[in-house]
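Undergrad: One structure, pasted below without further comment.
The values are calculated or read from the model by the stated rules, or taken from the named source; none is laboratory data. Keep in mind that this is a model prediction, so the values were computed, not measured. Cβ coordinates were reconstructed from backbone atoms using ideal geometry, including for glycine residues, and neighbour counts include every protein chain displayed.
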Amino acid sequence: MPHLLLVESWVGAMGTLLPRAVTELGAEFTFLTRSPGHYPQCAPDGSPHPLRLGRAVVTAETNDPAAALHAARRIHADSPIDGVLTSCDYYLPTAARIADALGLPGPIPEAVESACNKALTRAALDRAGLPGPRHATAPADDATRLREAAEIVGFPLVVKPTDLCAGMFVQRADDWAALETAAGYLHRFAVNARGQRRDPAVLLEEFLDGPEFSVESWIRHGAIHTVGVTDKSLGGATGFVETGHMFPAAVEETVRTQLVATAEAALCAVGLDHGVVHTELRLTAAGPRIIEINPRPAGNQITELIRHVTGIDLPTVAVELALGDTPHHLASPPARQDTKRPQSAAVCMLVPSDAGILTSVDGTAAVADHPAVVSSSFKAAGHKTTAAVDNNSYLGSVITVSPDRAGARPLAENLLASISLTYGEEFTP
Ligand SMILES: Nc1ncnc2c1ncn2[C@@H]1O[C@H](COP(=O)(O)OP(=O)(O)OP(=O)(O)O)[C@@H](O)[C@H]1O
Ligand SMILES: [Mg+2]
């Protein structure tokens, strides 16, 4: 039985989809974590959480790459490991380093490091001559250097960390005061949610105006296979919170081709040669521009949308690639013209309009019962909400499918609009 090493995990959807894919492929896994208590024991239905169904949970300081590798070597000596994987962005470079050190399939570690640090990504894209936003970095607490960087980039600009995810601390700044405030927030967030000391640099980027998309691909032996293009809706307090996605994106074929070509050029530019990748882009008046490259399957249930429409399960592909296999179920891909398959699938997120304690969440049962809904889940009364400043503030989501191309998004949006929330007292998190 193939044996996979899972190095940490997200706790959300991918924390379930990835270990489930391992088990469904007839493989087993060891879960390596610095903090078993970070992860749930049970799934919402009370059954053991899929992360708990491996052959063992091994504790080691995964924030120290040498300690993580040492633990991996011990596990490997006891029971040979055939592949290494993580769903959690903060551990992608470590997982790649372990695979490399053990001689197992995996992406070039330096390429993963480039993709996982937004400043390094920009540098790699520049070197490859790919057009992108003006950009510059500066220490988050150095006003002089920040002003110099802002002069290079110009307002309006986007202030962002190089090393976080879920849209955390990504802010548009139209003037110096807004930039200084945003950089201050970043400076005070010195350690991430997994206890890792953060890059003190802040990245400033020219604001790219235009609709946003993602391109989902998998790569084996350097050959890129793009599965499709997903579109994205944005909102929340920053305007950058992801409020929904639809697959396939409602775009003309010519636009789709441009988006795919740009994403694939970017993957080559950073040197990614193995694994599943989720590349985000904005379509500006001057053409597609890369936002970021994530060397892992897409989050926010995008992989589920793709599965419903195409039959391709990207978490499964990620596991197969980690084991060095040719993605098995892609050897005979499902017929695209299969009329029984939905032609579009969408997810819409419920984002809070206020901070406070939810006193009631009404309308969820009718949403769950709607024939176009394949899954939905919502927070219950009593949940404490923060303002919608990043993708961690969701109050729930609904996934719909439609027999019509582009039909799924309006369905999901209308269903979400039927949910009514009542907020009680304010609270300060
Ligand atoms: N230069 C830019 N111009 C315009 N919008 C941008 C720019 N950079 C980022 N954004 C917006 O901010 C969002 C979050 O930025 P980014 O994807 O870089 O951060 P992230 O934390 O890695 O996000 P996630 O993990 O949720 O994908 C983007 O999806 C995009 O809407
Ligand atoms: Mg992003």
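Undergrad: In the range 57-70, which residue that is of a type in the set (S, T, N, Q) and in a loop (DSSP other than H, G, I, E, B) is surrounded by the most Cβ atoms within 10 Å (Cβ to Cβ)?
TA: Our first condition is that a residue be of a type in the set (S, T, N, Q); within the range 57-70, this holds for 59, 62-63.
Imposing the further condition that a residue be in a loop (DSSP other than H, G, I, E, B) reduces the set to 62-63.
Numbers: Thr62: 28, Asn63: 18.
Looking at residues that are of a type in the set (S, T, N, Q) and in a loop (DSSP other than H, G, I, E, B), I get Thr62.
Undergrad: Please go through the range 24-56 and pick out each residue that is under 24 Å from the mean Cα position of the chain (by Cα), closer than 18 Å to Met1 by Cα and exposed (fewer than 15 other Cβ atoms within 10 Å of the Cβ).
TA: Glu24
Undergrad: Quick one: which strands (runs of 3 or more DSSP E) lie wholly within the range 199-253 and hold at least 2 residues that are away from ligand 2 (no atom under 16 Å from the Cβ) and surrounded by fewer than 19 Cβ atoms within 10 Å (Cβ to Cβ)?
TA: Working: elements: 201-206, 212-220, 223-235, 241-247.
In the range 199-253, the matching strands (runs of 3 or more DSSP E) lie at 223-235.
Undergrad: Has the range 281-293 got at least one residue that is within 15 Å of Leu18 (Cβ to Cβ), crowded, with 18+ Cβ neighbours inside 10 Å and at pLDDT 95 or above? Before you say what the answer is, go through the steps one by one.
TA: To start, the set of residues in the range 281-293 that are within 15 Å of Leu18 (Cβ to Cβ) comprises none.
No - not one qualifying residue is present in the range 281-293.
Undergrad: Which of the residues that make up the range 121-152 are in contact with a helix residue (DSSP H, G or I) (Cβ under 7 Å, 6 or more places away or on another chain), crowded, with 17+ Cβ neighbours inside 10 Å and farther than 17 Å from Leu281 by Cα?
TA: Of everything in the range 121-152, those that are in contact with a helix residue (DSSP H, G or I) (Cβ under 7 Å, 6 or more places away or on another chain), crowded, with 17+ Cβ neighbours inside 10 Å and farther than 17 Å from Leu281 by Cα turn out to be Ala136, Thr137, Ala138, Ala140, Leu146, Ala150.
Undergrad: Could you go through the range 16-23 and let me know if any residue there is outside any helix (DSSP H, G or I) and either free of Cβ contacts under 8 Å to residues at least 12 places away in the same chain or surrounded by fewer than 21 Cβ atoms within 10 Å (Cβ to Cβ) (or both).
TA: Looking through the range 16-23, none of the residues is outside any helix (DSSP H, G or I) and either free of Cβ contacts under 8 Å to residues at least 12 places away in the same chain or surrounded by fewer than 21 Cβ atoms within 10 Å (Cβ to Cβ) (or both).
Undergrad: So, in the range 8-31, how many residues would count as being over 23 Å from Leu69 (Cα atoms) and β-branched (Val, Ile, Thr)?
TA: 2
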